[in-house]
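The values are calculated or read from the model by the stated rules, or taken from the named source; none is laboratory data. Here the structure is a predicted model, which means the values were calculated and not measured. Positions of Cβ are generated from backbone atoms using ideal geometry, with glycine treated the same way; all protein chains shown enter the neighbour counts. For accessibility, only protein heavy atoms count, side chains too; no ligands or nucleic acids. Shrake-Rupley method; radii C 1.70, N 1.55, O 1.52, S 1.80 Å.
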Amino acid sequence: MSTAARWQPAAWLVLAAAMVVMGVNMGVRQTFGLFLEPMTAALEIPRGGFAFAIAVQNLLWGLLQPVCGGLADRYGTGRLLALGGVLYAGGILVMAGVPTPLGLHLGGGILVGMAVAACGFPLVLSAVSRAAPEDRRSTWLGVATAGGSLGQFVLLPGTQAVMGLTDWHGGLLALAAVSALVVPLAFLLRGKPAARQAHEQSLREAFDEAIRHKGFLLLTAGFFVCGFHVAFVATHLPAYVAGTGLPALVGATALSLVGLFNVVGSFACGWAGGRVRKKHLLSGLYIARAIAIAAMLAAPKTEVTVYLFAAAFGLMWLGTVPLTSGLVGQIFGARYLATLFGLVMLSHQVGAFFGAWLGGLLYDLTGSYDIVWGLAIALGLIAAALHAPIPDRPIARAQPAAS
């Protein structure tokens, strides 16, 4: 056995590392909504200013995701993930150490946006996809995605507790330390797709094939809505809950419950994706999101109704990810999954930009989040309609002639 083969991590270890990296990556990001009220007060800026920094973070994440996916496909996921961990910790330290709007936008907007792209879904899930048994790949993608929710469940109340004992600076310093964990874990997720054979597609050919495929375009358009929903809720739900007169802890607990219930939702969606057509599951998820939001708006605002909404929305929070990435791999194969899913994630993050930014902007203009909640319902129904006609059969490619 070669040295490389002898030191190759076992598949279960890859899955465990992926869950932790996803937990750090997504869990830390979801805590930023806790900082909206204390930081806007301390920096004397409107909510729209804070929301714009988070919106830039999401947009930059999306713009760089295809680039990072391509670099990972070429040079390996380990290097990119380690870089992401360094940028993540550095960006949060800038937010804490430069308590000005410049520190917020440079650290929380630009550096963290670059970091999330370098250690995001496409890279981590491509490593899991390579390690997973073929007949369990969809389930493994769901399990890895659930790790992001476990991080959210742990880090949201943990960060709120640290902020209660110290202040928002202390909360950010704790998150910077957590973010640095990605660097050593990157070693376990190292690797890249097998070298391209002479008869296989090039990256350019795979890109051209994808953008001409109706299903890829519909999937990309639909994922915009997922980004809008997730960024708006993660950034503004704590402030929305506080605006109803409920204690601040209720908002933090609600986001934590979103993470807890998404552990079940992500695993269930990954499991179901191996048994039911993924496009049908995606349509159902977006319809269910619209219903959950409408029910929450109509219900009286109590701790119970907020927690029920969080639980329901959590079941659908990141369940789109194993289904969407799995659908990309199902149609186009695993060779360029990190790059192609990175392109789909770009649309997701454009949606996230508008979800985070419009939430703050329209609140500043109207004093209410009602317009954005209504827009989220409409977009959910549109996304459901977009996924229904996706052609999801694997592409049949010509085989090279026998020599």
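Ranked by the mean number of other Cβ atoms within 10 Å per residue, highest first, peptides 159-167, 308-316 order as 308-316, 159-167. The apolar share of the surface of the chain, taken as the fraction of accessible area on carbon and sulfur atoms (1.4 Å probe, ligands and nucleic acids excluded), comes to 70 percent.
Rounded to the nearest 20 debye, the dipole magnitude of the chain is 1260 debye, with +1 charges on Lys and Arg beta carbons, -1 on Asp and Glu beta carbons, and the Cα centre as origin. Counting only alpha carbon atoms, the long axis of helix 303-314 and the longest principal axis of the chain meet at about 20°. Considering only the other residues whose Cβ falls under 14 Å of the Cβ of F223, what net charge follows from Lys and Arg at +1 and Asp and Glu at -1? Result for the neighbourhood of F223: +3.
Work out, step by step, the length gained on full extension between F187 and K214: first 0.36 nm times the residue separation, then minus their alpha carbon distance; give nm to one decimal.
6.0 nm
Principal-axis analysis of the Cα atoms of the chain puts helix 47-75 at an angle of about 10° to the longest axis. Scaled against 2.2 N^0.38 Å for its residue count N, the alpha carbon radius of gyration of region 87-174 is 1.36. For the pair A221 and A41, the difference between a 0.36 nm per residue extended length and the Cα-Cα distance amounts to 61.2 nm. Think of the chain as having a plus end and a minus end, set by charges on the Cβ of Lys, Arg, Asp and Glu; of N25, A239, L282, L282 sits farthest toward the positive end of this dipole.
In this calculation the C-beta distance from I395 to V276 is compared with R0 = 25 Å, giving a FRET efficiency of 0.75. Give the angle, between 0 and 90 degrees and rounded to the nearest 10, that separates the Cα long axis of helix 77-97 from the longest principal axis of the Cα atoms of the chain. It works out to around 10 degrees.
Computed from backbone phi, the HN-Hα couplings of region 99-105 come to x, 9, x, 4, x, 4, 6 Hz, rounded to whole numbers (Karplus: 6.51 cos²θ - 1.76 cosθ + 1.60, θ = phi - 60°; Gly and Pro given as x).
3J(HN,Hα) couplings calculated from phi for region 362-371 with the Karplus curve 6.51 cos²θ - 1.76 cosθ + 1.60 (θ = phi - 60°) are, in sequence order, 6, 5, 4, 7, 10, x, 8, 9, 4, 4 Hz; Gly and Pro show x. Phi angles of region 274-285 translate, via the Karplus equation with coefficients 6.51, -1.76, 1.60 and θ = phi - 60°, into HN-Hα couplings of x, 10, 10, 4, 4, 5, 5, 5, 5, 4, x, 4 Hz per residue; Gly and Pro are given as x.
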